[in-house]
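To start, the structure itself, in structure tokens.
A short reminder: the numbers here are calculations on the coordinates, not readings from a lab. Here the structure is a predicted model, which means the values were calculated and not measured. Cβ sites come from the backbone with ideal geometry, for glycine too, and all protein chains shown count toward neighbours.
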Ligand code: NAI
Ligand code: NA
């Protein structure tokens, strides 16, 4: 069928299989062009189908020839109805990987559940024996705790007072003020339950209990800090509390991995357009200004550039892994550069509906957003019939 983008609010209801496949191939080519990384050999990626998790899987496979198992939660296609983009991304990745003689299998389901953990553990046992890297890259609005059966919902709110700042609707380009009420204790706790480190620790406990982590295994989860402009709604808000918890969990996990010389890290990544970040108020305006400045400086990166650099320049250099005063890996170093942030702050003041198209990279934001769903990707013929019923070769 002919597939076009169909927008509803912050999401796109359709996705294009050929555009998603092209994005994956471009990421593979990028990693290959940067040369071999003396990295992991057997990798589990939790949240492997889009964003930073997909880039982590591609970098492991094509930077280090790693066997990869991906866990994700995506909607399969139905006749006449497209799958969610992570489905097509995974189908394309696994097809390419198999062509390249790389092991690649995946599990589609709720990573927070005991069932999906068990299926994954059984697969590792049967096929890989052990893994030497576990990437934890989930972004979800809900989590059912498998022990208590409580369904937690996250919120994106400030803490300790309401917050008003500029935001942009990136579909219309309208810049307006948004006020967000302060979160209560329950909302904070729920957000920490969803996006904090509890599930990460459950995964590592389960893997370790069955001796599925290799000697010296690493596990890495992703966090964000960002500037004072977005602090009230991000780092000092409910999601920031969850990230504090995630970062603290790295130390708890590292203690538990001492006997196998393993270690847990949090990597602080750059702000990027993903399905997760486009739903956060204020962030899209910040990202459109950040993109503009970083592109002008020639230091703009997407998820694949970020993760390739994380593996090559941080995790697998052969030297000790460099961390900040809180033990975190910083790959947001270029975003947080003082000159970059000073320029963004100035543009922020000047941004209005009228000025933003020139001051910010709204066009880049929009096209990155559509590209997440496989639209507006170069070399894809959108007028041609596309096959929506794409299968994932390695789906367990
Ligand atoms: P994303 O939305 O592109 O990816 C989320 C992944 O999680 C997908 O593979 C999805 O299928 C999977 N997933 C969601 N719920 C699931 C469930 N219940 N079971 C199994 N899989 C599930 O998000 P993105 O942006 O790549 O986020 C990944 C991590 O990176 C998050 O921790 C996020 O906070 C962090 N991060 C994101 C930044 C950004 O600007 N986008 C910046 C820095 C960190
Ligand atoms: Na991800």
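Annotations for the structure displayed:
- For the chain, share of DSSP beta bridges that run antiparallel, in % to the nearest 5: 30
- In this simple spin-label model, placing a label point 7 Å from the Cα along the Cα-to-Cβ direction at both residue 336 and residue 296 gives a separation of 2.3 nm.
- Springs between Cα atoms under 10 Å define the GNM used for the chain, and in it the highest mean-square fluctuation of 355, 303, 172 occurs at 172.
- Relative exposure of 245, 152, judged by other C-beta atoms within 10 Å (fewest first): 245, 152
- Among 286, 103, 88, sorting on how many other beta-carbon atoms sit within 10 Å of each Cβ, with the fewest leading, yields 103, 286, 88.
- Cα convex hull of the chain, projected area averaged across orientations, nm²: 18.8
- Rounded, prolate or oblate (a/c below 1.5 giving rounded, otherwise prolate when a/b exceeds b/c) for the stretch 269-396 by Cα gyration tensor: oblate
- Separation of the stretch 272-350 from the stretch 56-127 is 27 Å, based on Cα centroids.
- Mean Cβ count within 10 Å, highest first, over the residues of peptides 235-242, 337-344: 235-242, 337-344
- In plain terms, the residue of 170, 369 with the fewest other Cβ atoms within 10 Å comes first and the most crowded comes last, giving 170, 369.
- With contacts taken as Cα pairs under 8 Å and at least 6 residues apart, the chain reaches a relative contact order of 23 percent.
- Among 283, 321, 135, the residue with the largest mean-square fluctuation in a Gaussian network model of the chain, with springs joining Cα atoms closer than 10 Å, is 321.
- Projected label points at residue 115 and residue 279, each 7 Å from Cα along the beta carbon direction, are separated by 2.2 nanometres.
- Distance between the stretch 165-179 and the stretch 201-216 - C-alpha centres, whole angstrom: 44
- Residue ranges 380-393, 41-54, 187-200 sort as 41-54, 187-200, 380-393 when ordered by packing (mean number of other C-beta atoms within 10 Å per residue, highest first).
- Percent RCO, i.e. relative contact order, over the stretch 1-85, from Cα pairs under 8 Å lying at least 6 residues apart: 29
- If you run the Gaussian network model on the chain, springs between alpha carbon atoms under 10 Å, then out of 264, 139, 60 the most flexible one is 139.
- Segment residue 383..residue 153, full-extension length gain: 78.8 nm, with 0.36 nm per residue of separation and the alpha-carbon distance subtracted.
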